[in-house]
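Down below is the structure, laid out as structure tokens.
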Amino acid sequence: MTYFKTTSELAIKVNFVNNQIKSPVERNNITKPAEKNKKRFDFLFTQINKVSTVEKIFLTRHFVTMFEAGIPLNESISIAREETDNKYLKAALQDIYLHLENGQSFSSSLGAHPKIFNKLYIKMLEVGETSGRLSEVLNYLLHQQEDEYRLHTRIRNALIYPVTTVVVMIMIVIGVLLFIIPEIAKIYAEEGIILPLFTRALIGISNFVVHNGLYMLVGLIFSILIFLQILKTTRGHKFFDGVVLKLPIFGKIVKYINISRFTRNLSDLIQSGISIDQALTAASGIMNNVLYQQSLAEAVTKVQQGKSLSDCLRSYPNLYPPLVNRMTVVGEKSGKIDSMFKRIAQHYEDLVFNTTNNLSSMIEPVLIILVGGLVGSIAVAVLFPIWNFAKVI
């Protein structure tokens with residue numbers, strides 16, 4: 001998506017778009033895709049990964065730039081549609097443009113596409129529209145998206161080393177079992193060397209992989225497909241998210257991320273004047289972990305029944321540490337729960353930052369032990385019979 005640094009550049013682009021789209025009828029003809037093309041590409045659109053995080057950031061930055069330059073929203077959407085190469089996003093922007101042309105609000109037009117714009121995004125836009133602070137809200141959403149993208153990038157970069165190491169280790173082991181061990185086994189058989197149990201076990205594993213490798217590969221593919229299907233179910237997704245939270249190191253990172261996201265967004269929503277039950281509803285829709293989603297959804301009902309938020313969070317000690325509960329109580333009693341949530345968010349964001357920075361150094365010793373143990377075991381199994389044979393000679 002292209003950015004415009006000056007108002008004159010924007011004006012040139014707007015004039016171009018207005019010349020291309022002269023009347024409401026022509027606008028509809030251009031922006032609304034033909035039904036046959038829509039049917040042809042609907043399946044493709046549902047299979048590809050919709051709109052990336054980077055594209056969402058670019059789109060929000062585009063909205064900010066256009067709004068600050070005084071460009072009407074419908075023309076801003078038209079320009080964004082012209083500039084994007086993502087067919088799914090282009091079709092969505094066409095639909096949003098038509099909604100705006102029909103007199104619908106900006107938030108409701110974007111709300112028709114929840115796979116691109118989450119509940120928090122739409123709720124904040126509604127607040128901006130009703131309060132007349134849409135530019136401020138768009139800037140906030142832009143900064144929030146950029147912060148989350150930086151966090152995810154940091155985590156991904158921290159995982160590159162351990163994941164690469166594990167993948168390479170697995171490939172080396174498979175190569176040894178498929179190509180090296182069978183040749184060594186032939187030499188041992190020809191020489192009539194008596195093999196120890198450990199070596200015989202390694203040769204047996206190698207023979208099994210050589211003769212059943214194709215079946216193992218097919219079984220692995222089917223297992224992955226079945227696992228992905230199970231993840232699509234509510235119970236399967238809930239079970240998997242529960243297991244993730246119990247993982248060493250990674251479980252803590254996931255917990256810290258969810259807590260910081262929940263408290264940061266809830267703080268901003270409450271500060272914008274949204275009631276706490278509506279804020280909880282919006283916040284639950286953007287949580288990645290099903291357990292956190294369900295806890296916040298249940299908290300909405302309890303809060304509407306008159307229960308305090310701290311009591312709701314206290315019901316889930318595995319999700320919300322005592323620190324979160326204590327600071328929530330303080331915020332409720334002082335009447336400054338939004339600022340207290342902001343402090344909680346900052347605390348856990350710092351924890352995520354520190355943990356991810358030290359992630360490689362924490363995992364590296366474990367990887368060294370695993371790789372060294374595996375290589376050493378294979379080396380002993382292969383060389384021990386040769387050493388015994390040399391002693392006999």
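Only the coordinates and a few stated rules stand behind these numbers; no lab work does. This structure is a prediction, so every number in the text was calculated from the model and none was measured. For neighbour counting, all protein chains shown are included, and Cβ atoms are generated from backbone atoms with ideal geometry for every residue, glycine included.
State the number of residues belonging to the range 282-315 that are under 20 Å from the mean Cα position of the chain (by Cα) and either surrounded by 15 or more Cβ atoms within 10 Å (Cβ to Cβ) or among the acidic types (Asp, Glu) (or both).
14
Restricting the search to the range 224-242, which residues are exposed (fewer than 10 other Cβ atoms within 10 Å of the Cβ) and among the β-branched types (Val, Ile, Thr)? Of everything in the range 224-242, just one residue is exposed (fewer than 10 other Cβ atoms within 10 Å of the Cβ) and among the β-branched types (Val, Ile, Thr), namely THR234. From the list ILE71, ILE57, ILE79, ILE96, the lone residue that is farther than 28 Å from LEU269 by Cβ, touching a helix residue (DSSP H, G or I) at 6+ places or on another chain (Cβ under 8 Å), surrounded by 15 or more Cβ atoms within 10 Å (Cβ to Cβ) and of a type in the set (A, V, I, L, M, F, W, C) is ILE79.
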